[in-house]
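Trainee: Can you read through this structure? Questions will come right after.
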Amino acid sequence: MLGRTLREVSVALKQGQITPTELCRKCLSLIQKTKFLNAYITVSEEVALKQAEESEKRYKQGQSLGILDGIPVAVKDNFSTSGIQTTCASNMLKGYIPPFNATVVQKLLDQGALLMGKTNLDEFAMGSGSTDGAFGPVKNPWSYSKQYQEQRRPQSNRKREGTDWLIAGGSSGGSAAAVSAFTCFAALGSDTGGSTRNPAAHCGLVGFKPSYGLVSRHGLIPLVNSMDVPGILTRCVDDTAIVLGVLAGHDPKDSTTVQDPVKPFTVPSLSDVSKLCIGIPKEYLVPELSSEVRSLWSKAADLFESAGAKVIEVSLPHTSYSIVCYHVLCTAEVASNMARFDGLEYGHRCDVNMSTEAMYAATRREGFNDVVRGRILSGNFFLLKENYENYFIKAQKVRRLIANDFVNVFNSGVDILLTPTTLSEAVPFLEFIKEDNRTRSAQDDIFTQAVNMAGLPAVSMPAALSTQGLPIGLQFIGHAFCDQKLLTVAKWFEKQVQFPVLQLQGLMDDCSSVFENETLPSVSVKQ
Amino acid sequence: MAAPMLRRVGLGRLWGFAWVDGGSGHRRGSPNGSTSSRRREQSSVAQQPLHTAQKPRKGGHKWAAVVGLEIHAQISSNSKLFSGSQVSFMAPPNSLVSFFDASLPGTLPVLNRRCVEAAVMTGLALNCHINKKSLFDRKHYFYSDLPAGYQITQQRLPIAANGSLTYGVFMGNKQSRMATKTVRIRQIQLEQDSGKSLHDDLRSQTLIDLNRAGVGLLEVVLEPDLCCGEEAAAVIKELQLILQALGTSQANMAEGQLRVDANISVHHPGEPLGVRTEVKNLNSIRFLAKAIDHEIQRQINELESGGEILNETRSFDCKLGCTVPMRDKEGKQDYRFMPEPNLPPLVLYDSASLPAGTESQQVINIDQIRDALPELPSATRERLVRRYGMLPEHSFTLLNEVGLLQFFQNVMKETRAEPKKVTSWVLNTLLGYLKHHNLAVSESSEKPHL
């Protein structure tokens, strides 16, 4: 049951094959058993069970709220949840209990979804591995998959047992691990530079970044206000569309959401792609790209071409400037957004009492990790009067050029861009931490962050397993506010590749009881 | 016409030329080589009445004072500038604080329409150009009454600019003649008010009340066209009357709804401007005038005895009757201005530019607001002079005293006596009586019925 699609489970709930409470308990049990993944910071067991109870009542009365009624979901711990600790994986907000729900959380709850818990992340969403949070790193469930264990390259120097697990990607690694390990059917992530798409690629999931302005950011603790969006992680495109249909739309509390009305939609099944034009940006073919990803990218292009689509090479000439531009703008906004954390109204407050300044300084030193503090320092540097013109304003101009690159390409007849999501498959944690956060972010964001600067919709689709048995994802980028079209193409691709299901069975003996009496679930893409 | 050079000095504020005898911008700090070159520059816009320079003092050498005012007026609105919490004076501490006001992470600003209308009304009343597009910015500094660590203001492109305020000053020995003068308005911008901090020195702690945090303010920046406390007082009084007539601010200084900071410097006419000091903490018009005049004299005394003026912030000690330096904790502040990313540009329309089919609740039409402006004090005074044949000075007095105009008009309705007689009685007999007994019009037992 836990491996089914959202739609399938919803039908099962409606038909009484399983009750919301049973479903909830199964997920809670699995969360417990997969605790070692460290995907969750807070498991909201009581809340979820209560919600399940209410959902059950509704189903009994034949008054379910919709497809999401009774469906377990998880939410990244940088979304405010009323009455439930929201930490952003930082000491600064340990124990902080918001008095309100983020709009997207409220929308899910209004549809009857069950909130299983708050998932782990890089501190304040800064990072690409979910390794730099105050609650420890997230482990990629695929580290324990049958596929990886069987196909991985033998270790040259045998490391201690249990230390060679893989990163889940970041910064929404917890959400990705939660969905990937079947503990919930959908999870909210956030995406500022690729933070939803990156872990989706590493965990074999659909990681969707909506157009900026489509989904409300109210209640999402901001990293970069002008680039953040709530992201959606699921195991299939249909599920993403269901969640997006609930979340999208104008929010009066968020002045950056567009006011045009949004209707929930089902993603049509595309049978004919001959009218489609796929663009392959040549600047994305970088030397650091692993040969496996490059070959998969090429295969995907061929797949579209042989199905009749037009596949052409395009140019996004300012690509090489995007990382630097992103870092200037990101750190500047971070410096500004983090200014509110002073220990006065909420969050961590140090014991220093000598003066306000001393209290602020100690609180912020104790509350933030090095990554956050580093970005604050950089950001403040760029915002200094003498630097503002040369750095911030300049970066804004470059940002405009980068956004225009996309506009030009899309205006020339290209419908969708196809690119890699990450440079390679997930790497072992010990390998990943050899470089610092800033270096890793700069490397890993390379395919994803220009999209945030341009505010476009994008989705990472699981494409195939690597020779080591690990997921590799490919990214599709669409026109602004053409999210439905993007998902339509993604769904066609999903059907073509038939990405395999994560096989955890047999390696976690305790878990077998969760899957017992069921045939191994396969992700069905029929309607 | 050469555009005046706008230089950003000190605490992030804009300063321009002062229009006195070819001077060229306030100087900050000790003299340096560049002042001599500025001396030769022509001030090419000078069509305004000459200031009366300060009377010669002991030294016999003429001094001229330059005064620039920055006014913060609390907008009279039901809720705050960017959040829905209520605006109310004297509520229990921290009882009017929304999640946004407390800077809870994840909260976002939502612009209050009434505040924008208030800004447009005020801009129009002050003959400003209303910018059809204006922008919001963050001004960063750390202080315990600023929960977010930044204030949302309009630094790059304010909502209104380049206006003027005409005011009356009593002239002559007997202060019986009125002359009208004009002060230029540089700009009007919308910004957030901060919370209030109360220092409890006994327990070495600071108490923070966030009721005021986020209340909408209109910052009105005047060009440094004024020369003394009396002019400043007259300007502020007129501004108060205008704001009250518009209903955009109650402008009560005692309740903190109108706050004035004065920037003051002195120099010899013909020479470059002097170093300016900023005087804050002025909570009545009377103190404002006193503080400015005192500070002018202090600077003159200091310079005449060979000292120098520091570019500092001073506060007015009303008990001592003088300005004293404030503890300048800030030093040289860099506010690291950055655009406010959560607020799109504010776009206003007029009847010509209004797109077809837009709902009226969604947009602000400047022309509509202009048409609905109430009668301004200057128009009221003109009307009184025309209708009742009184002297301009009398019309000023009638408006300056709270409730007096209403009283006068009520009397005129009831009586058949000649207007001149009534005017005289109201202004001399009644007002004299009230002043003698320290009463406001509303407190007097006199009724308009004769």
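Only the coordinates and a few stated rules stand behind these numbers; no lab work does. Being a predicted model, the structure only gives us computed values, none of them experimental. Here Cβ is always computed from backbone atoms with ideal geometry, including for glycine, and neighbour counts include all displayed protein chains.
Trainee: In terms of the Cα gyration tensor, with a ≥ b ≥ c the square roots of its eigenvalues, is the stretch A:329-433 rounded because a/c is under 1.5, prolate because a/b exceeds b/c, or oblate? Intermediate results must be reported in sequence, preceding the final value.
Mentor: On the way: a/c = 3.10, a/b = 1.70, b/c = 1.82.
It is oblate, given that a/c is not under 1.5 and a/b is not larger than b/c.
Trainee: Any idea what the dipole of the protein assembly as shown comes to, in debye rounded to 20, about its Cα centre with Lys/Arg Cβ at +1 and Asp/Glu Cβ at -1?
Mentor: Details: 103 positive and 98 negative charges, 363 e Å.
Computed charge dipole of the protein assembly as shown: roughly 1740 debye.
Trainee: Out of all DSSP beta bridges with both ends in chain A, state the antiparallel percent to the nearest 5. Mind showing how you got there, number by number?
Mentor: Working: 31 of 46 bridges.
In chain A, DSSP labels about 65 percent of beta bridges as antiparallel.
Trainee: Next question, about the same structure. To the nearest 0.05, how large is the calculated FRET efficiency for A:Arg153 and A:Asp302 if R₀ is 30 Å and r is the Cβ-Cβ distance? Don't skip to the answer; put the middle values down first.
Mentor: Details: r = 27 Å, r/R0 = 0.90.
Between A:Arg153 and A:Asp302 the formula returns 0.65.
Trainee: Residue by residue through A:98-106, how many Cβ atoms from other chains fall within 10 Å of the Cβ on average? Could the numbers behind the result be given before it?
Mentor: Values: counts 5, 3, 4, 1, 1, 2, 0, 0, 0.
Mean partner-chain Cβ count within 10 Å for A:98-106: 2.
Trainee: Then there is this: Under 23 Å from the Cα of A:Lys434, which lysines turn up, not counting those fewer than eight places away in the same chain?
Mentor: A:Lys139, A:Lys159
Trainee: Give, rounded to the nearest 20 debye, the magnitude of the charge dipole that the stretch B:64-339 has about its Cα centre when Lys and Arg contribute +1 at Cβ and Asp and Glu contribute -1 at Cβ.
Mentor: Working: 29 positive and 30 negative charges, 147 e Å.
The calculated dipole for the stretch B:64-339 is roughly 700 debye.
Trainee: For the stretch B:192-279, run through the trypsin sites (Lys or Arg not before Pro) and keep only the ones in DSSP coil with at most 14 other Cβ atoms within 10 Å of their Cβ. Don't skip to the end; give the middle numbers.
Mentor: Details: sites: B:Lys196, B:Arg203, B:Arg212, B:Lys237, B:Arg259, B:Arg276; in loops: B:Arg203, B:Arg276.
Here the sparse-neighbourhood loop sites are B:Arg203.
Trainee: Right, another one. Among all stretches of chain A without exposed trypsin sites (Lys or Arg not before Pro) (DSSP loop, at most 15 other Cβ atoms within 10 Å), which one is longest? Intermediate results must be reported in sequence, preceding the final value.
Mentor: Values: sites that count: A:Arg158, A:Lys159, A:Arg160, A:Lys275, A:Lys434, A:Lys526.
Longest gap between qualifying sites, sites excluded: A:276-433.
Trainee: Go ahead and run the numbers for FRET between B:Lys196 and A:Gln63, Cβ-Cβ distance against an R0 of 60 Å, rounding to 0.05.
Mentor: Details: r = 50 Å, r/R0 = 0.84.
Using R0 = 60 Å, I get an efficiency of 0.75.
Trainee: Tell me the GluC sites (Glu not before Pro) within the stretch B:363-417 that lie in a loop according to DSSP and have at most 15 other beta-carbon atoms within 10 Å. Let's see the in-between values first.
Mentor: On the way: sites: B:Glu375, B:Glu382, B:Glu393, B:Glu401, B:Glu414; in loops: B:Glu375, B:Glu401.
Within the stretch B:363-417, the qualifying GluC sites (Glu not before Pro) (loop, at most 15 other Cβ atoms within 10 Å) are B:Glu375.
Trainee: Which GluC sites (Glu not before Pro) from the stretch A:108-199 combine a DSSP loop assignment with at most 11 other Cβ atoms within 10 Å? The partial results should precede the final answer.
Mentor: Details: sites: A:Glu123, A:Glu150, A:Glu161; in loops: A:Glu161.
Sparse-neighbourhood loop GluC sites (Glu not before Pro): A:Glu161.
Trainee: Can you tell me, using C-alpha contacts under 8 Å and at least 6 residues apart, the relative contact order of chain A as a whole percent? Can you show the working numbers first?
Mentor: Working: 1196 pairs, mean separation 96.8, N = 527.
It comes to 18 percent, rounded to a whole number.
Trainee: Under 19 Å from a label point 7 Å along Cα→Cβ of A:Tyr321: give me every residue in the stretch A:400-433 with its amide N that close.
Mentor: A:400-410
Trainee: Residue farthest toward the positive end of the dipole of the stretch B:64-339, with Cβ of Lys/Arg at +1 and Asp/Glu at -1: which of B:Pro92, B:Ala160, B:Asn281?
Mentor: Sorting the options by dipole projection puts first B:Ala160.
Trainee: Continuing with the same structure: Label B:Arg370 and B:Thr415 with points 7 Å out from Cα along Cα→Cβ: what is the distance between them in nm?
Mentor: In this crude label model, B:Arg370 to B:Thr415 measures out at 4.0 nm.
Trainee: Leaving out same-chain residues fewer than 8 places away, which lysines sit with a Cα under 30 Å from that of B:Lys196?
Mentor: B:Lys196 reaches A:Lys94, A:Lys253, A:Lys385, B:Lys80, B:Lys139, B:Lys237, B:Lys280, B:Lys290, B:Lys319, B:Lys329, B:Lys332.
Trainee: What is the average number of partner chain Cβ atoms found within 10 Å of a Cβ in A:331-344?
Mentor: 5
Trainee: If I take R0 = 30 Å and measure r between the Cβ atoms of B:Ser164 and A:Leu401 in this structure, what FRET efficiency does the formula 1/(1 + (r/R0)^6) give, to the nearest 0.05? Don't jump to the answer; show the numbers that get you there.
Mentor: Working: r = 42 Å, r/R0 = 1.40.
Efficiency, rounded to the nearest 0.05: 0.10.
Trainee: Follow-up. Excluding residues on the same chain fewer than 8 positions from A:Lys33, give the aspartates and glutamates whose Cα lies under 17 Å from its Cα.
Mentor: Within reach: A:Glu22, A:Glu45, A:Asp509, A:Asp510, A:Glu516.
Trainee: Run the dipole for the stretch B:166-232 about the Cα centre, Lys and Arg Cβ at +1, Asp and Glu Cβ at -1, nothing else charged, and hand back the magnitude in debye, nearest 20. Display every interim value, and only then the final one.
Mentor: Working: 8 positive and 10 negative charges, 71 e Å.
It works out to roughly 340 debye.
Trainee: Would you mind checking A:Lys14/A:Lys485; A:Lys107/A:Lys209; A:Lys26/A:Lys209; A:Lys275/A:Lys491 for any pair whose Cα atoms are more than 21 angstrom apart? Don't jump to the answer; show the numbers that get you there.
Mentor: Details: A:Lys14/A:Lys485 30 Å; A:Lys107/A:Lys209 18 Å; A:Lys26/A:Lys209 29 Å; A:Lys275/A:Lys491 16 Å.
Flagged as over cut-off: A:Lys14/A:Lys485; A:Lys26/A:Lys209.
Trainee: Please list A:458-467, B:305-314 highest first by mean number of surrounding beta-carbon atoms within 10 Å per residue. Write out the running numbers ahead of the final one.
Mentor: Working: A:458-467: 24.8, B:305-314: 14.9.
Packing order, densest peptide first, comes out as A:458-467, B:305-314.
Trainee: Would you tell me the mean number of C-beta atoms belonging to other protein chains that fall within 10 Å of each C-beta in B:142-153, as a whole number? Don't skip to the answer; put the middle values down first.
Mentor: Working: counts 7, 4, 7, 1, 4, 6, 7, 9, 4, 0, 0, 0.
So the per-residue partner count for this stretch is 4.
Trainee: Now for a separate question. Rounded, prolate or oblate, given the Cα gyration tensor of the stretch B:195-276, with a/c below 1.5 counting as rounded? Present the calculation step by step, with values, prior to reporting the outcome.
Mentor: On the way: a/c = 2.90, a/b = 1.40, b/c = 2.07.
Verdict is oblate for the stretch B:195-276.
Trainee: Would you compute, from DSSP H runs of 4+ residues alone, the mean residue ellipticity of chain A at 222 nm, taking -39500 (n - 2.57) per run and dividing by the full residue count, rounded to the nearest 500? Could the numbers behind the result be given before it?
Mentor: On the way: 19 runs with 196 residues, N = 527.
After summing the helix terms and dividing by residue count, I get -11000 deg cm²/dmol.
Trainee: Right, next: Decide, for chain A, between rounded, prolate and oblate: order the square roots of the alpha carbon gyration tensor eigenvalues as a ≥ b ≥ c, take rounded if a/c falls under 1.5, and otherwise choose prolate if a/b is larger than b/c, else oblate.
Mentor: Details: a/c = 1.31, a/b = 1.07, b/c = 1.23.
It is rounded, given that a/c, with a ≥ b ≥ c, falls under 1.5.
Trainee: Given 0.36 nm per residue, what is the gain on full extension from B:Lys62 to B:Leu310 after removing their alpha carbon distance, in nm? Could the numbers behind the result be given before it?
Mentor: Values: separation 248, 0.36 × 248 = 89.28 nm, distance 2.12 nm.
Gain on extension, B:Lys62 to B:Leu310, equals 87.2 nm.
Trainee: Right, another one. Please name which of B:Ser442, A:Thr488, A:Thr421 has its Cα lying farthest along the dipole of the protein assembly as shown towards the positive end, using unit charges on Cβ (Lys, Arg +1; Asp, Glu -1) and the Cα centre as origin.
Mentor: With unit charges placed on the Cβ atoms, the residue in question is B:Ser442.
Trainee: Modelling each spin label as a point 7 Å along the Cα-to-Cβ direction, I'd like the A:Glu386/B:Leu391 distance in nm, to one decimal.
Mentor: Each label point lies 7 Å from its Cα, and together they span 6.0 nm.
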